[in-house]
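Step one of this worksheet: look at the structure below.
The values are calculated or read from the model by the stated rules, or taken from the named source; none is laboratory data. Just so you know, these numbers come straight off a predicted model, no measurement behind them. All Cβ positions, even for glycine, are placed from backbone atoms using ideal geometry, and neighbour counts span all protein chains on display.
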Amino acid sequence: MNRKTDYQDSSDLAQPIPQAALRASANLTAVGNLGFWVQIVVGAFAVVTFLFASMGLTVGQDRTAGIEAGILSAFIAIVLLGVAIYFSIRYRRLGRRLQEGETPPRRADIIKVIRWGLAVNVAGMGLAIIGAASVSGIVLIKSLSVPQGAFASGINPSQLVQSIDLLAIQANTNTIIAHFTGLLSSLWLLDRINK
């Protein structure tokens, strides 16, 4: 065996990690952590609110007609939020792999992961917006259809705006906020990686 070849191989392993890779690693790790925790916290509020709203659908007799579509879109948006949280975890892992320098991911692979994260957040946010808009429209029509002084005339309680209607709007709004933070973090990372 040639000692010079062995020495050259070991010196190749000791080469420092380029500054651009270290910056990308720091960005991926920090933004992945921030996106993860913000989406977890806001997503937890969305899940709890969604559970209360969906329990009202199964238990309540006097439910609002048409609210099921808003609840369904909130459910799908929350499932997509779980996928978006997974992408925040992937950003952190990619950052660690870049920092270790053994088998760093290619720039094209990092951009591909970020674009998938963007797509998931846009889809989830779109569904949550559709759900919030549909429930808001139903609640608005319901509140406008009740004549003034209806409490004195003995109106049917199912014609009034109920708390489940507002919980469905709140669940969708919390989901919109969570997807928006994921969207911002992915766009920021895409900007930093492309520089």
Phe151 being modelled with pLDDT under 75 and aromatic (Phe, Trp, Tyr): yes
Ala69 being buried (at least 24 other Cβ atoms within 10 Å of the Cβ) and either farther than 30 Å from Asp165 by Cβ or in contact (Cβ under 8 Å) with a residue 60 or more places away in the chain (or both): no
Residue within segment 108-117 that is modelled with pLDDT under 85 and exposed (fewer than 15 other Cβ atoms within 10 Å of the Cβ) present: no
First in segment 122-146 and under 16 Å from Ile164 (Cβ atoms), second anywhere and of a type in the set (Phe, Trp, Tyr), Cβ under 9 Å, 6 or more apart: Gly131/Phe75
